[in-house]
Amino acid sequence: MKIRYNPLMGWTFLILGSVLVLLQVWLLLLGSFSPTIVVGLIVAGLGVVYLRRPYFRVEPQAIVLAAPIGPAERRFPIPAGGSPRLEGNRIVIDEAGRARKVPVRKGMAHPADWAAYTTTLPHGPQA
């Protein structure tokens, strides 16, 4: 199961970056160059990335966080016979008698994807 980034983040970055680029193009047409156009392109590009790449994916044996840019991934293995659970707005994996928090946040995840995944998880701390 793939959980996408919150589209609000992607659209915010895309709009802010586009406005910044348009303002810099306007200044360029008036005869003044500013390297801030590069910042606008980077911010807009980051918005596109947030709209297209998954935030994390859930596999049978692990939760995998993908880097927004590039092929890097962080894997959080789910031990045999174990399953992740939800504590507040965090996903927690029990391993070797201790709880390991997966660094994913509800606010950064697509609301429908988060709800679809977390409804399958047990809630609260394990006794």
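Taken together, the values in this text are just the output of simple stated rules run on the coordinates, not laboratory data. Source: prediction; values computed, not measured. We place every Cβ from the backbone using ideal geometry, glycine too, and count neighbours over all the protein chains shown.
Can you sort His123, His110 so the residue with the fewest Cβ neighbours within 10 Å comes first?
Ranking His123, His110 by Cβ neighbours within 10 Å, fewest first, gives His123, His110.
Just to check I understand the Karplus step: with θ = phi - 60° and J = 6.51 cos²θ - 1.76 cosθ + 1.60, what whole-Hz values come out for the range 87-96, glycine and proline as x?
Listing the rounded values in order: 10, x, 10, 10, 9, 10, 10, 7, 9, 6 Hz.
Once you have the Cα-Cα distance between Arg74 and Thr12, take 0.36 nm times their residue separation minus that, and quote the gain in nm to one decimal.
Once the chain is fully extended between Arg74 and Thr12, it gains 19.7 nm.
Any idea what angle helix 7-29 forms with the longest principal axis of the chain, computed on alpha-carbon atoms, 0 to 90 degrees, nearest 10?
20
Give me, ordered by chain and number, the residues 5 or more places off Tyr55 or on other chains with an amide H under 5 Å from its own placed amide H.
Ile3, Arg4, Tyr5
Give the label of the value calculated from the structure for Rg and Dmax of the Cα atoms in Å, choosing from [x] 14.0, 44; [y] 19.2, 68; [z] 16.5, 55.
Among [x] 14.0, 44; [y] 19.2, 68; [z] 16.5, 55, the one derived from this structure is [y].
So which chymotrypsin sites (Phe, Trp or Tyr not before Pro) in the range 1-101 end up in coil per DSSP with only 15 or fewer other C-beta atoms within 10 Å? Walk me through the numbers before you get to the answer.
Working: sites: Tyr5, Trp11, Phe13, Trp26, Phe33, Tyr50, Tyr55, Phe56; in loops: Phe33.
Sparse-neighbourhood loop chymotrypsin sites (Phe, Trp or Tyr not before Pro): Phe33.
Once both axes come from the Cα atoms, what is the angle between helix 36-52 and the longest principal axis of the chain, in degrees from 0 to 90, rounded to 10?
40
When only DSSP loop residues count, what trypsin sites (Lys or Arg not before Pro) in the range 78-125 have their Cβ near at most 13 other Cβ atoms within 10 Å?
Sites meeting the loop and neighbour criteria: Arg105.
Name the residues whose placed amide hydrogens come within less than 5 Å of the amide hydrogen of Ala109, ignoring near sequence neighbours (fewer than 5 apart) on the same chain.
Counting only residues 5 or more places away or on other chains, the set is Asn6.
Label points 7 Å out from Cα along the Cβ direction at Ser83 and Leu30: separation in nm?
Taking the two extended label points, one gets 6.0 nm.
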